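Just so it is clear, none of the values below were taken in a lab; they were calculated from the coordinates. For clarity, every value in this text was computed on a predicted model and none was experimentally measured. Ideal geometry is used to build each Cβ from the backbone, glycine not excepted, and the neighbour counts take in all protein chains shown.
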Amino acid sequence: MLGSKSGFQSRVKKLAPQAKGIHCMIHRYALASKTLPASLQEVLESLIKIVNYIKTKALNTRLFKELCKDMNADLFYAAERWLSKGNVINRVFEMKDEIKLFLET
């Protein structure tokens, strides 16, 4: 669909030859995460498991949201903020205290 020879990129280049095609940021993070050293890959997988534990069940999601409200956490709770692996790392770091308390209880 975005192919540089017969897709969207090629059609844009016909109209604007100076235009450049790039991968979206989420795809870049996905590509970069495939080449992580084993130790960092383990950390990333653990973080993703923690986030999935919180977000896959509606009850856990609601409880976590309430916990964050009770702790007065500055929380913009939207699914878009968790899309890429880079965002997962950033959000877990930002909310490490809330996540630790949630997992302990």
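Couplings 3J(HN,Hα) of segment 56-64, computed from phi: 7, 9, 4, 4, 4, 4, 5, 5, 5 Hz, in residue order, whole Hz [Karplus 6.51 cos²θ - 1.76 cosθ + 1.60, θ = phi - 60°; x for Gly and Pro]. Each peptide in 97-105, 34-42 receives the mean, over its residues, of other Cβ atoms within 10 Å, and ordering these scores from highest gives 97-105, 34-42. Past 27 Å, Cα to Cα, is the threshold; run Lys14/Lys34; Lys20/Lys49; Lys57/Lys96; Lys13/Lys85; Lys55/Lys96; Lys20/Lys85 against it and keep the listed order. Over 27 Å Cα-Cα: Lys14/Lys34; Lys20/Lys49; Lys13/Lys85.
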